[in-house]
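Have a look at the structure below before the remarks.
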Amino acid sequence: MSPMWGSVEQYSTIHWSWAIAIYLFLAGLSSGSIIVALLVKWNRHERSNSSIWDAMIKAGAVVAPTAIFLGLFLLVIDLGRPFSFYWLLVRYNITSVMSLGVLFLLIYTPIVVVFMLLVFERNVIKHPILAPLEGLINLVKSFHSYAKIIEYFLFVAALCVGSYTGFLLSALYAIPLWNSPLLPVLFLTSSLSSGVAVNILIGLLFFKSTINTESIKYLLVLDTRVILTELPLLALFFIGMFYAGGDAPQAARMALTEGFWAGIFWLGVIGVGLGLPLLTVIVALRSHVYRVGYIIINSMVVILGVLMLRYYIIYAGQIYLG
Amino acid sequence: MPKQYRLLYDENLCIGCQACSVACRVENSVPDNFFRLQVHVQTKGVFPNLGMSYERLSCMMCENPPCVSVCPTHASFQSKDGLVHIDEKTCITCKYCILACPYHARFVNPLKNVVEKCTFCYDTRVSKELLPACVSTCPTEALSFGDMRQKGSLVEQKSQKEVLVFPKAHLGTKPKVAFIPSRKGVKV
Ligand code: SF4
Ligand code: SF4
């Protein structure tokens with residue numbers, strides 16, 4: 001029997017779907033991988049000679065721009081009116097996190113591209129197609145004395161990009177699972193985790209010759225710490241909801257116990273994304289078996305876990321409203 | 001002087017006939033399977049103490065509209081009369097406002113690919129001193145609409161006399177649609 005008031009479908013539509021989940025993941029991946037690259041550069045890269053960049057820095061320089069461009073592409077095609085997207089660049093609403101995000105991305109994306117050009121300067125100059133970029137590189141290099149400042153700037157911009165996606169969701173008090181002040185922190189930590197993993201993965205696969213085992217160890221230790229922060233954060237996230245007013249406790253209860261998405265949370269996010277990497281670290285890495293196979297699989301598992309966290313938050317948030 | 005509109009929905013008079021919803025569809029050419037307005041009717045209580053509960057689902061024309069503050073292009077905006085409207089030209093259909101609205105009042109019109117919702121029939125009726133289509137159609141006069149600044153008007157008088165309920169008042173959105181709850185009540 002259909003209700004006499006007609007279809008109720010519009011009250012339960014998923015308005016932000018897979019494209020947004022993947023965008024959130026890619027924005028986090030991009031910012032995480034550039035943050036990790038910068039950390040390696042500052043803490044682990046003794047020689048400042050740019051011709052011998054550490055593989056971790058190279059990986060960040062490739063992943064960060066690629067991921068953000070892919071993400072932005074998804075973001076625009078997901079609009080109901082993709083060709084009107086320019087309004088985002090023309091009109092700004094400072095109370096809208098989406099507008100703030102556009103501003104952060106406008107600052108972040110070009111710097112990330114410049115960073116890539118600098119890291120791969122030699123390859124760029126070698127290729128005739130890319131030759132026109134040489135002028136740009138030389139221009140950027142003329143600011144060499146400001147390099148450190150620009151890096152700090154990039155670092156801050158990456159922090160903004162990595163966390164604004166959390167604020168984007170947490171600003172919506174109509175959706176209990178999103179309206180949490182912890183969401184931006186949670187997104188930022190998991191972005192860092194995916195950044196570590198993707199840099200190790202890409203570094204091991206494509207820049208083997210410049211691998212520095214010291215920086216890999218440094219990153220694996222960093223990742224263990226990040227994961228150990230993420231677990232209590234997730235716990236706090238739900239505990240906070242149980243003590244919040246309105247629909248939040250009910251929404252939290254459903255999101256943790258009901259249906260497909262609860263399964264994704266326990267098996268995917270907690271089990272695969274956080275549990276498995278911790279286990280790997282404890283079992284394999286503690287006994288100093290830094291086997292490449294382990295590390296590669298471990299990285300992929302971490303990345304998958306972060307992707308599932310974004311999917312879970314996006315879908316469960318819109319489904320379990322309390 | 002700016003107006004202070006209010007729409008009153010009296011549960012005691014509503015019979016759940018859906019005439020308002022139909023009038024809205026006709027007035028605003030709302031596409032099939034989408035609604036700017038629905039009245040949900042539910043049977044509550046345990047036999048023999050049964051009763052109906054009615055709920056109007058539509059834009060509440062919030063005084064503090066979250067849909068406006070999140071809109072990145074100002075396509076959702078508040079007029080000087082305090083009504084919330086959508087500028088079809090600058091709406092990019094990012095759907096951020098749909099997610100921000102605690103009343104599920106907004107949807108994407110699949111024919112035009114822009115976000116829509118109840119407008120109190122501002123363009124076609126209210127700006128011409130007519131009542132919104134739903135109000136003028138209601139056979140039991142369960143709906144009343146008007147400017148609260150106009151002393152002695154029906155809305156103003158009823159608002160003085162009755163206990164008003166503002167949906168999800170705890171959210172602080174300050175709706176301009178108010179309910180007059182059923183006086184009979186249902187023993188649950
Ligand atoms: S009910 Fe929803 S759409 Fe209408 S003004 Fe309030 S928040 Fe905006
Ligand atoms: S869908 Fe349109 S009205 Fe809604 S927030 Fe996006 S641009 Fe604004």
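Numbers below:
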item: Any hit, the range A:208-226, residues being among the aliphatic types (A, V, I, L, M), away from ligand 1 (no atom under 16 Å from the Cβ) and closer than 23 Å to A:THR109 by Cβ; result: no
item: Selection status of B:GLN150, open to solvent by 10 Å² or more (accessible area, probe 1.4 Å) and within 14 Å of ligand 1 (Cβ to nearest atom); result: no
item: Search result, residues across the range A:146-175 that are farther than 18 Å from B:CYS67 by Cα, of a type in the set (Phe, Trp, Tyr) and at pLDDT 95 or above; result: A:PHE155, A:TYR164
item: Pairs with Cβ under 8 Å, 6+ apart, first in the range B:95-106 and on the phi < 0 side of the Ramachandran plot and open to solvent by 10 Å² or more (accessible area, probe 1.4 Å), second within 7 Å of ligand 2 (Cβ to nearest atom) and of a type in the set (Gly, Ala, Ser); result: B:CYS97/B:SER76
item: Selection count, the range B:105-114, where residues are touching a strand residue (DSSP E or B) at 6+ places or on another chain (Cβ under 6 Å) and near ligand 1 (Cβ under 10 Å from one of its atoms); result: 1
item: Residue in the range B:23-44 that is in contact with a helix residue (DSSP H, G or I) (Cβ under 8 Å, 6 or more places away or on another chain) and within 16 Å of ligand 2 (Cβ to nearest atom) present; result: yes
item: Check on B:SER53, at negative phi, open to solvent by 20 Å² or more (accessible area, probe 1.4 Å), within 16 Å of ligand 2 (Cβ to nearest atom) and of a type in the set (Gly, Ala, Ser); result: no
item: Subset of the range A:205-225 [touching a residue at least 12 places away in the same chain (Cβ under 8 Å), within 21 Å of A:ILE282 (Cβ to Cβ) and surrounded by fewer than 20 Cβ atoms within 10 Å (Cβ to Cβ)]; result: A:THR213, A:LYS217, A:TYR218, A:LEU222, A:THR224
item: Matching residues, the range B:59-80, being more than 14 Å from ligand 2 (Cβ to nearest atom), within 25 Å of B:CYS20 (Cα to Cα) and surrounded by fewer than 24 Cβ atoms within 10 Å (Cβ to Cβ); result: B:GLU63, B:SER79
item: Contacts under 8 angstrom Cβ, first residue in the range A:82-111 being within 16 Å of ligand 1 (Cβ to nearest atom), partner at pLDDT 95 or above and polar (S, T, N, Q), 6 or more apart; result: A:ASN93/A:SER99; A:ASN93/B:SER69; A:ASN93/B:THR73; A:THR95/B:SER69; A:SER96/B:SER69
item: Condition check for B:LYS112: open to solvent by 60 Å² or more (accessible area, probe 1.4 Å), without any contact (Cβ under 8 Å) to a residue 40 or more places away in the chain and within 9 Å of another protein chain (Cβ to nearest Cβ); result: no
item: Test: residue in the range B:79-90 that is in contact with an Asp or Glu (Cβ under 9 Å, 6 or more places away or on another chain), over 25 Å from A:THR95 (Cβ atoms) and touching a residue at least 40 places away in the same chain (Cβ under 8 Å); result: no
item: Selection from the range B:81-94 of residues that are farther than 22 Å from A:ILE314 by Cα and either open to solvent by less than 30 Å² (accessible area, probe 1.4 Å) or within 7 Å of ligand 2 (Cβ to nearest atom) (or both); result: B:ASP81, B:GLY82, B:LEU83, B:VAL84, B:HIS85, B:ILE86, B:THR90, B:CYS91
item: Of all residues making up the range A:154-182, the number that are more than 16 Å from A:LEU106 (Cα to Cα) and either small (Gly, Ala, Ser) or within 14 Å of another protein chain (Cβ to nearest Cβ) (or both); result: 15
item: Which numbered condition B:VAL46 misses (of (1) open to solvent by 30 Å² or more (accessible area, probe 1.4 Å); (2) within 18 Å of the chain's Cα centre (by Cα)); result: (2)
item: Residues that are within 27 Å of B:LYS176 (Cα to Cα) and in contact (Cβ under 8 Å) with a residue 60 or more places away in the chain, drawn from the range B:41-51; result: B:LYS44, B:GLY51
item: Members of the range A:97-109 found to be open to solvent by less than 10 Å² (accessible area, probe 1.4 Å) and either among the small types (Gly, Ala, Ser) or within 10 Å of chain B (Cβ to nearest Cβ) (or both), listed by number; result: A:SER99, A:GLY101
item: When residues of the range B:115-143 are limited to those that are within 11 Å of ligand 1 (Cβ to nearest atom) and in a strand (DSSP E or B), the one surrounded by the most Cβ atoms within 10 Å (Cβ to Cβ); result: B:VAL115
item: Members of the range A:89-129 that are assigned to a loop (DSSP other than H, G, I, E, B) and not basic (Lys, Arg); result: A:TYR92, A:ASN93, A:ILE94, A:THR95, A:SER96, A:PHE120, A:HIS127, A:PRO128, A:ILE129
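Quick grid of which residues meet (1) within 14 Å of chain B (Cβ to nearest Cβ); (2) open to solvent by less than 80 Å² (accessible area, probe 1.4 Å):
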residue	(1), (2)
A:PHE73	no, no
A:PHE83	yes, no
A:TYR92	yes, yes
A:THR95	yes, no
A:ILE111	no, yes
A:GLU121	no, yes
A:VAL124	no, yes
A:PRO128	no, no
A:PRO132	no, no
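So that you can scan it fast, the table gives a plain yes or no per residue for (1) near ligand 1 (Cβ under 10 Å from one of its atoms); (2) in a loop (DSSP other than H, G, I, E, B):
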site	(1), (2)
B:THR43	no, no
B:LEU50	no, no
B:TYR54	no, no
B:SER69	yes, no
B:PRO72	no, yes
B:GLU88	no, yes
B:CYS91	no, yes
B:CYS97	yes, no
B:TYR103	yes, yes
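The values are calculated or read from the model by the stated rules, or taken from the named source; none is laboratory data. Just so we're clear, the structure is a prediction, and the values are computed from it rather than from any experiment. For neighbour counting, all protein chains shown are included, and Cβ atoms are generated from backbone atoms with ideal geometry for every residue, glycine included. Each accessible area value is taken on the protein alone, full model and side chains, heavy atoms only, with ligands, DNA and RNA left out. Shrake-Rupley method; radii C 1.70, N 1.55, O 1.52, S 1.80 Å.
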